[in-house]
Amino acid sequence: METRIEARSLLSELTLAQGIVESKATIPILANFLLRTADNALEIAASDLEVTLTCRCPAEILEPGGVTVSAKKFSSLVRAFSGLEGRLSLKTTAQGRLFLQPEGGRQEYHLQTLPPEDFPTLLSPDGGKCLELPMEALKRCIAEALVSVGVEESRFSVRGGLLLLESGRLALVSTDSHRLTYTEWVGPVGVEEPMRLLVPRKTLTEFLKLDGEEKVRVSFRDSTIFLETGNRLLYSRLMDTTFPAWEKVIPQGSDKLAVLGRAELQERLRRVSNVAESKTRAVILSFDPAGSLEILARNAETGDEGREYLSCDRYEGEAVQLLFNADYILDFLGACTEEKVQMALRDAEHQALLQPVRPEGAPEHKYVLMPLRFD
(Lines give C-alpha, C1' and ligand atoms only; values in the text may rest on other atoms or scores of the structure.)
Protein backbone atom coordinates (compact mmCIF):
# COMPACT_ATOMS: atom_id res chain seq x y z
CA MET A 1 0.00 0.00 0.00
CA GLU A 2 1.21 3.50 -0.84
CA THR A 3 -0.81 6.70 -0.62
CA ARG A 4 -0.52 10.46 -0.11
CA ILE A 5 -3.10 12.19 2.02
CA GLU A 6 -3.80 15.53 3.73
CA ALA A 7 -2.88 15.25 7.41
CA ARG A 8 -5.71 17.50 8.66
CA SER A 9 -8.40 15.62 6.74
CA LEU A 10 -6.99 12.32 7.93
CA LEU A 11 -6.85 13.51 11.54
CA SER A 12 -10.55 14.44 11.61
CA GLU A 13 -11.48 10.87 10.63
CA LEU A 14 -8.97 9.30 13.00
CA THR A 15 -10.40 11.32 15.89
CA LEU A 16 -13.83 9.80 15.25
CA ALA A 17 -12.43 6.30 14.87
CA GLN A 18 -10.38 6.62 18.06
CA GLY A 19 -13.61 6.71 20.09
CA ILE A 20 -14.38 3.15 19.03
CA VAL A 21 -11.03 1.69 20.08
CA GLU A 22 -11.02 0.31 23.62
CA SER A 23 -8.30 1.89 25.77
CA LYS A 24 -7.42 -1.51 27.24
CA ALA A 25 -8.17 -3.86 24.37
CA THR A 26 -7.45 -7.47 25.37
CA ILE A 27 -7.21 -8.58 21.73
CA PRO A 28 -4.17 -6.89 20.11
CA ILE A 29 -5.79 -6.36 16.69
CA LEU A 30 -8.62 -4.33 18.28
CA ALA A 31 -6.08 -1.72 19.41
CA ASN A 32 -5.31 -1.11 15.73
CA PHE A 33 -6.89 0.82 12.88
CA LEU A 34 -7.42 -0.97 9.60
CA LEU A 35 -6.16 1.23 6.75
CA ARG A 36 -6.96 0.22 3.19
CA THR A 37 -7.26 1.89 -0.18
CA ALA A 38 -10.63 2.28 -1.89
CA ASP A 39 -11.64 4.36 -4.93
CA ASN A 40 -9.29 7.35 -4.59
CA ALA A 41 -9.73 7.29 -0.83
CA LEU A 42 -8.13 5.83 2.26
CA GLU A 43 -10.61 3.87 4.37
CA ILE A 44 -10.08 3.83 8.13
CA ALA A 45 -11.86 1.22 10.25
CA ALA A 46 -12.03 0.76 14.01
CA SER A 47 -13.89 -1.95 15.92
CA ASP A 48 -14.33 -3.35 19.42
CA LEU A 49 -16.30 -6.34 18.02
CA GLU A 50 -19.57 -4.79 19.21
CA VAL A 51 -19.38 -1.37 17.51
CA THR A 52 -17.57 -0.61 14.24
CA LEU A 53 -16.90 2.66 12.41
CA THR A 54 -15.52 3.03 8.90
CA CYS A 55 -14.55 6.43 7.42
CA ARG A 56 -13.21 7.42 4.02
CA CYS A 57 -10.77 10.24 3.40
CA PRO A 58 -9.79 11.47 -0.12
CA ALA A 59 -6.27 10.38 -1.03
CA GLU A 60 -3.92 9.83 -3.93
CA ILE A 61 -3.51 6.08 -4.28
CA LEU A 62 -0.12 5.05 -5.68
CA GLU A 63 -0.37 1.38 -4.80
CA PRO A 64 -3.52 -0.35 -3.47
CA GLY A 65 -3.40 -2.43 -0.35
CA GLY A 66 -4.14 -2.52 3.34
CA VAL A 67 -2.49 -2.63 6.75
CA THR A 68 -3.35 -2.36 10.43
CA VAL A 69 -1.46 -0.05 12.76
CA SER A 70 -1.62 1.00 16.40
CA ALA A 71 -4.53 3.44 16.70
CA LYS A 72 -2.91 5.39 19.53
CA LYS A 73 0.53 5.80 17.94
CA PHE A 74 -0.75 6.51 14.44
CA SER A 75 -3.26 9.12 15.65
CA SER A 76 -0.62 10.84 17.76
CA LEU A 77 1.81 11.05 14.83
CA VAL A 78 -0.80 12.39 12.40
CA ARG A 79 -1.86 14.96 14.98
CA ALA A 80 1.76 16.03 15.43
CA PHE A 81 2.11 16.59 11.67
CA SER A 82 -1.31 18.18 11.14
CA GLY A 83 0.10 21.69 11.60
CA LEU A 84 2.43 21.33 8.63
CA GLU A 85 1.49 22.26 5.09
CA GLY A 86 1.32 19.52 2.50
CA ARG A 87 0.48 15.85 2.58
CA LEU A 88 1.66 12.77 4.39
CA SER A 89 3.16 9.84 2.53
CA LEU A 90 2.12 6.43 3.84
CA LYS A 91 3.39 3.12 2.53
CA THR A 92 4.10 -0.38 3.70
CA THR A 93 7.71 -1.56 3.62
CA ALA A 94 9.21 -4.91 2.66
CA GLN A 95 9.52 -5.65 6.36
CA GLY A 96 5.76 -5.18 6.80
CA ARG A 97 5.99 -1.90 8.71
CA LEU A 98 4.12 1.33 7.94
CA PHE A 99 6.40 4.11 6.73
CA LEU A 100 5.17 7.66 7.44
CA GLN A 101 6.80 10.84 6.16
CA PRO A 102 5.66 14.41 5.37
CA GLU A 103 5.75 14.90 1.62
CA GLY A 104 9.04 16.60 0.78
CA GLY A 105 10.32 16.27 4.36
CA ARG A 106 13.19 14.32 5.84
CA GLN A 107 11.38 12.97 8.90
CA GLU A 108 10.88 9.22 8.87
CA TYR A 109 8.73 6.98 11.04
CA HIS A 110 8.32 3.23 10.87
CA LEU A 111 5.40 1.70 12.80
CA GLN A 112 4.87 -1.97 13.54
CA THR A 113 1.76 -3.49 11.98
CA LEU A 114 -0.43 -6.57 12.17
CA PRO A 115 -1.84 -8.47 9.16
CA PRO A 116 -5.05 -6.85 7.84
CA GLU A 117 -6.68 -10.27 7.51
CA ASP A 118 -6.62 -10.51 11.34
CA PHE A 119 -8.95 -7.50 11.62
CA PRO A 120 -12.66 -8.27 12.18
CA THR A 121 -14.60 -8.75 8.96
CA LEU A 122 -16.32 -5.52 7.96
CA LEU A 123 -20.06 -5.70 7.27
CA SER A 124 -22.13 -3.90 4.65
CA PRO A 125 -25.71 -2.63 4.95
CA ASP A 126 -26.45 -3.81 1.40
CA GLY A 127 -29.50 -6.04 1.22
CA GLY A 128 -31.03 -4.84 4.48
CA LYS A 129 -34.11 -2.73 5.10
CA CYS A 130 -33.17 0.93 4.69
CA LEU A 131 -34.80 4.24 5.54
CA GLU A 132 -33.73 7.87 5.68
CA LEU A 133 -34.16 10.12 8.73
CA PRO A 134 -33.32 13.77 9.42
CA MET A 135 -29.88 13.91 11.04
CA GLU A 136 -30.77 16.79 13.35
CA ALA A 137 -33.96 15.13 14.63
CA LEU A 138 -32.26 11.80 15.37
CA LYS A 139 -29.33 13.48 17.11
CA ARG A 140 -31.70 15.56 19.25
CA CYS A 141 -33.59 12.46 20.36
CA ILE A 142 -30.34 10.65 21.18
CA ALA A 143 -28.93 13.60 23.14
CA GLU A 144 -32.12 13.86 25.19
CA ALA A 145 -32.35 10.12 25.86
CA LEU A 146 -28.67 9.47 26.65
CA VAL A 147 -28.89 11.10 30.08
CA SER A 148 -30.92 8.19 31.44
CA VAL A 149 -29.31 5.29 29.57
CA GLY A 150 -28.11 2.77 32.14
CA VAL A 151 -24.44 2.38 32.96
CA GLU A 152 -24.92 -1.03 34.57
CA GLU A 153 -27.17 -3.79 33.31
CA SER A 154 -29.97 -4.91 35.66
CA ARG A 155 -33.65 -5.75 35.58
CA PHE A 156 -34.77 -2.13 35.33
CA SER A 157 -31.56 -0.53 34.02
CA VAL A 158 -30.67 -0.99 30.36
CA ARG A 159 -27.36 0.00 28.75
CA GLY A 160 -29.03 1.13 25.57
CA GLY A 161 -31.90 3.09 24.09
CA LEU A 162 -35.15 1.58 22.81
CA LEU A 163 -35.71 2.93 19.28
CA LEU A 164 -39.38 2.90 18.29
CA LEU A 165 -40.20 3.35 14.61
CA GLU A 166 -43.71 3.87 13.26
CA SER A 167 -44.98 5.27 9.96
CA GLY A 168 -45.26 8.82 11.30
CA ARG A 169 -43.09 8.82 14.41
CA LEU A 170 -39.63 8.05 15.72
CA ALA A 171 -39.17 7.72 19.49
CA LEU A 172 -36.33 6.81 21.83
CA VAL A 173 -36.77 5.51 25.39
CA SER A 174 -34.09 4.95 28.03
CA THR A 175 -33.92 4.13 31.73
CA ASP A 176 -31.35 3.48 34.46
CA SER A 177 -34.02 2.56 37.07
CA HIS A 178 -33.77 5.99 38.77
CA ARG A 179 -35.20 7.90 35.82
CA LEU A 180 -36.72 7.37 32.41
CA THR A 181 -36.67 9.45 29.23
CA TYR A 182 -39.14 9.35 26.36
CA THR A 183 -38.39 11.62 23.41
CA GLU A 184 -39.81 11.67 19.91
CA TRP A 185 -39.77 13.17 16.44
CA VAL A 186 -42.94 13.35 14.38
CA GLY A 187 -42.62 12.93 10.62
CA PRO A 188 -42.43 10.36 7.81
CA VAL A 189 -40.27 7.43 8.90
CA GLY A 190 -40.83 5.00 6.04
CA VAL A 191 -41.74 1.79 7.84
CA GLU A 192 -44.85 -0.24 7.11
CA GLU A 193 -44.93 -2.08 10.44
CA PRO A 194 -43.85 -0.72 13.86
CA MET A 195 -40.30 -1.69 14.85
CA ARG A 196 -38.61 -1.91 18.29
CA LEU A 197 -34.80 -1.88 18.30
CA LEU A 198 -32.54 -1.79 21.35
CA VAL A 199 -29.41 0.18 20.43
CA PRO A 200 -26.28 0.01 22.66
CA ARG A 201 -25.18 3.08 24.60
CA LYS A 202 -21.80 3.28 22.85
CA THR A 203 -23.44 3.29 19.42
CA LEU A 204 -25.66 6.22 20.41
CA THR A 205 -22.73 8.10 21.94
CA GLU A 206 -20.48 7.67 18.90
CA PHE A 207 -23.26 8.61 16.48
CA LEU A 208 -23.57 12.02 18.14
CA LYS A 209 -20.00 12.77 17.02
CA LEU A 210 -20.86 12.37 13.33
CA ASP A 211 -21.82 15.52 11.45
CA GLY A 212 -21.90 17.25 8.10
CA GLU A 213 -25.03 15.73 6.55
CA GLU A 214 -28.75 16.54 6.61
CA LYS A 215 -29.89 12.92 6.32
CA VAL A 216 -28.79 9.65 7.86
CA ARG A 217 -29.43 6.30 6.21
CA VAL A 218 -30.55 3.74 8.78
CA SER A 219 -30.42 0.07 7.76
CA PHE A 220 -31.18 -3.18 9.58
CA ARG A 221 -29.82 -6.61 8.71
CA ASP A 222 -29.07 -9.76 10.71
CA SER A 223 -29.65 -8.11 14.14
CA THR A 224 -27.32 -5.27 13.19
CA ILE A 225 -28.12 -1.57 12.86
CA PHE A 226 -26.21 0.51 10.30
CA LEU A 227 -26.05 4.32 10.50
CA GLU A 228 -24.57 5.88 7.38
CA THR A 229 -23.91 9.57 6.78
CA GLY A 230 -21.67 10.86 4.02
CA ASN A 231 -18.42 8.89 3.96
CA ARG A 232 -18.94 7.37 7.41
CA LEU A 233 -20.64 4.13 8.41
CA LEU A 234 -21.30 3.23 12.04
CA TYR A 235 -22.81 -0.13 12.90
CA SER A 236 -23.31 -2.44 15.85
CA ARG A 237 -25.22 -5.43 17.06
CA LEU A 238 -28.65 -4.78 18.49
CA MET A 239 -29.18 -5.74 22.12
CA ASP A 240 -31.50 -8.64 23.00
CA THR A 241 -32.16 -7.44 26.56
CA THR A 242 -35.79 -7.17 27.64
CA PHE A 243 -36.77 -3.52 28.01
CA PRO A 244 -39.06 -2.68 30.98
CA ALA A 245 -42.70 -1.75 30.40
CA TRP A 246 -41.88 1.95 30.17
CA GLU A 247 -45.45 3.07 29.43
CA LYS A 248 -46.48 2.15 32.98
CA VAL A 249 -43.80 4.41 34.46
CA ILE A 250 -45.16 7.66 32.98
CA PRO A 251 -47.03 9.25 35.93
CA GLN A 252 -50.73 9.96 35.65
CA GLY A 253 -52.94 12.08 37.89
CA SER A 254 -50.35 14.60 39.07
CA ASP A 255 -52.20 17.39 40.88
CA LYS A 256 -49.41 19.97 41.08
CA LEU A 257 -47.72 21.79 38.20
CA ALA A 258 -44.77 24.18 38.28
CA VAL A 259 -43.43 26.13 35.30
CA LEU A 260 -39.90 27.48 35.76
CA GLY A 261 -37.17 29.23 33.79
CA ARG A 262 -34.72 26.54 32.69
CA ALA A 263 -31.55 28.64 32.93
CA GLU A 264 -32.51 30.11 36.32
CA LEU A 265 -33.29 26.69 37.81
CA GLN A 266 -30.09 25.25 36.35
CA GLU A 267 -27.98 28.06 37.82
CA ARG A 268 -29.40 27.68 41.33
CA LEU A 269 -29.17 23.90 41.35
CA ARG A 270 -25.54 24.03 40.26
CA ARG A 271 -24.67 26.38 43.09
CA VAL A 272 -26.53 24.63 45.86
CA SER A 273 -25.33 21.17 44.77
CA ASN A 274 -21.80 22.20 45.73
CA VAL A 275 -22.68 21.55 49.38
CA ALA A 276 -24.89 18.49 48.81
CA GLU A 277 -23.78 15.10 50.13
CA SER A 278 -21.40 13.44 47.71
CA LYS A 279 -23.18 10.07 47.85
CA THR A 280 -26.84 11.02 47.44
CA ARG A 281 -26.45 14.50 45.88
CA ALA A 282 -29.78 15.19 47.60
CA VAL A 283 -31.59 18.53 47.42
CA ILE A 284 -35.01 19.37 48.84
CA LEU A 285 -37.42 21.22 46.57
CA SER A 286 -40.17 23.00 48.51
CA PHE A 287 -42.97 24.51 46.44
CA ASP A 288 -45.30 27.08 47.98
CA PRO A 289 -48.84 27.74 46.68
CA ALA A 290 -47.86 31.39 46.27
CA GLY A 291 -45.48 30.26 43.48
CA SER A 292 -42.09 30.28 45.19
CA LEU A 293 -39.52 27.47 45.19
CA GLU A 294 -36.93 26.90 47.91
CA ILE A 295 -33.97 24.65 47.07
CA LEU A 296 -32.13 23.30 50.10
CA ALA A 297 -28.99 21.17 50.31
CA ARG A 298 -27.91 19.97 53.74
CA ASN A 299 -24.77 17.89 54.30
CA ALA A 300 -24.95 15.93 57.55
CA GLU A 301 -21.35 14.75 57.19
CA THR A 302 -19.74 18.19 56.97
CA GLY A 303 -22.42 20.43 58.45
CA ASP A 304 -22.60 22.50 55.25
CA GLU A 305 -25.91 23.93 54.14
CA GLY A 306 -27.11 25.97 51.18
CA ARG A 307 -30.42 27.56 50.18
CA GLU A 308 -31.59 29.08 46.93
CA TYR A 309 -34.90 30.67 45.98
CA LEU A 310 -36.73 30.93 42.68
CA SER A 311 -40.12 32.28 41.66
CA CYS A 312 -42.22 29.99 39.47
CA ASP A 313 -43.63 31.40 36.26
CA ARG A 314 -46.71 29.42 37.20
CA TYR A 315 -47.69 27.10 40.02
CA GLU A 316 -50.86 25.10 40.48
CA GLY A 317 -51.63 23.04 43.57
CA GLU A 318 -50.93 22.84 47.27
CA ALA A 319 -47.56 23.07 48.98
CA VAL A 320 -45.28 20.07 48.45
CA GLN A 321 -41.78 19.07 49.48
CA LEU A 322 -39.72 16.55 47.53
CA LEU A 323 -36.19 15.15 47.71
CA PHE A 324 -34.26 14.63 44.47
CA ASN A 325 -30.76 13.87 43.25
CA ALA A 326 -29.61 17.29 42.00
CA ASP A 327 -27.44 15.79 39.25
CA TYR A 328 -30.42 13.99 37.71
CA ILE A 329 -32.35 17.25 37.38
CA LEU A 330 -29.26 19.01 36.00
CA ASP A 331 -28.85 16.25 33.39
CA PHE A 332 -32.37 16.92 32.15
CA LEU A 333 -31.90 20.68 32.11
CA GLY A 334 -28.63 20.30 30.23
CA ALA A 335 -30.30 18.22 27.52
CA CYS A 336 -33.02 20.86 26.96
CA THR A 337 -32.71 24.03 24.91
CA GLU A 338 -36.13 25.55 25.63
CA GLU A 339 -36.46 28.61 27.88
CA LYS A 340 -39.08 27.07 30.18
CA VAL A 341 -39.56 23.67 31.78
CA GLN A 342 -42.47 22.26 33.72
CA MET A 343 -42.66 19.79 36.58
CA ALA A 344 -45.81 17.72 37.18
CA LEU A 345 -45.77 16.56 40.80
CA ARG A 346 -47.89 14.55 43.21
CA ASP A 347 -46.13 13.92 46.52
CA ALA A 348 -42.85 12.74 48.02
CA GLU A 349 -43.66 9.08 47.27
CA HIS A 350 -44.48 9.32 43.56
CA GLN A 351 -42.35 10.03 40.51
CA ALA A 352 -42.24 13.49 38.97
CA LEU A 353 -42.66 14.26 35.28
CA LEU A 354 -40.34 16.92 33.85
CA GLN A 355 -40.84 18.35 30.36
CA PRO A 356 -39.59 21.29 28.32
CA VAL A 357 -42.39 23.74 27.54
CA ARG A 358 -42.98 23.44 23.80
CA PRO A 359 -45.72 24.71 21.47
CA GLU A 360 -48.86 22.59 21.28
CA GLY A 361 -48.41 19.72 18.83
CA ALA A 362 -44.60 19.77 19.05
CA PRO A 363 -42.71 16.46 19.61
CA GLU A 364 -42.74 15.32 23.23
CA HIS A 365 -39.81 15.00 25.61
CA LYS A 366 -40.76 13.36 28.91
CA TYR A 367 -38.34 12.84 31.79
CA VAL A 368 -39.62 10.73 34.68
CA LEU A 369 -37.66 11.10 37.92
CA MET A 370 -38.04 9.04 41.09
CA PRO A 371 -37.72 11.06 44.32
CA LEU A 372 -35.34 10.04 47.08
CA ARG A 373 -36.77 9.02 50.44
CA PHE A 374 -36.61 11.31 53.43
CA ASP A 375 -34.85 9.68 56.39
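Per-residue answers, yes or no, for (1) surrounded by 13 or more Cβ atoms within 10 Å (Cβ to Cβ); (2) small (Gly, Ala, Ser); (3) within 26 Å of Glu338 (Cβ to Cβ):
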residue: Leu260; (1), (2), (3): yes, no, yes
residue: Leu265; (1), (2), (3): yes, no, yes
residue: Glu277; (1), (2), (3): yes, no, no
residue: Gly306; (1), (2), (3): yes, yes, no
residue: Leu310; (1), (2), (3): yes, no, yes
residue: Glu316; (1), (2), (3): yes, no, yes
residue: Ala326; (1), (2), (3): yes, yes, yes
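Between Glu166, Glu184, Glu152, Glu144, the distinction of being out of contact with any Ser or Thr (no Cβ under 8 Å at 6 or more places or on another chain), of a type in the set (Asp, Glu) and modelled with pLDDT of 95 or more belongs to Glu184 only.
Inspect all residues belonging to the stretch 72-81 and state whether any of them is within 24 Å of the chain's Cα centre (by Cα) and either surrounded by 15 or more Cβ atoms within 10 Å (Cβ to Cβ) or touching a residue at least 12 places away in the same chain (Cβ under 8 Å) (or both). Scanning the stretch 72-81, I find at least one residue that is within 24 Å of the chain's Cα centre (by Cα) and either surrounded by 15 or more Cβ atoms within 10 Å (Cβ to Cβ) or touching a residue at least 12 places away in the same chain (Cβ under 8 Å) (or both), so the answer is yes. Selection of the stretch 128-148 for residues being within 26 Å of Glu193 (Cβ to Cβ) and of a type in the set (A, V, I, L, M) yields Leu131, Leu133, Met135, Ala137, Leu138, Ile142, Ala145. For the stretch 113-131, which residues satisfy the criterion of being in a loop (DSSP other than H, G, I, E, B) and touching a helix residue (DSSP H, G or I) at 6+ places or on another chain (Cβ under 9 Å)? Those that are in a loop (DSSP other than H, G, I, E, B) and touching a helix residue (DSSP H, G or I) at 6+ places or on another chain (Cβ under 9 Å): Pro115, Phe119, Pro120. The strands (runs of 3 or more DSSP E) located wholly in the stretch 137-228 that include 2 or more residues which are in contact with a helix residue (DSSP H, G or I) (Cβ under 6 Å, 6 or more places away or on another chain), farther than 24 Å from Leu14 by Cα and touching a residue at least 60 places away in the same chain (Cβ under 8 Å) occupy 179-186.
If the condition is being of a type in the set (Lys, Arg) and either under 20 Å from the mean Cα position of the chain (by Cα) or assigned by TED's automatic domain parsing to the domain that holds Leu138 (or both), then the stretch 336-372 contributes only Lys366.
The values are calculated or read from the model by the stated rules, or taken from the named source; none is laboratory data. Computed from a predicted model, the values in this text were never measured in an experiment. All Cβ positions, even for glycine, are placed from backbone atoms using ideal geometry, and neighbour counts span all protein chains on display.
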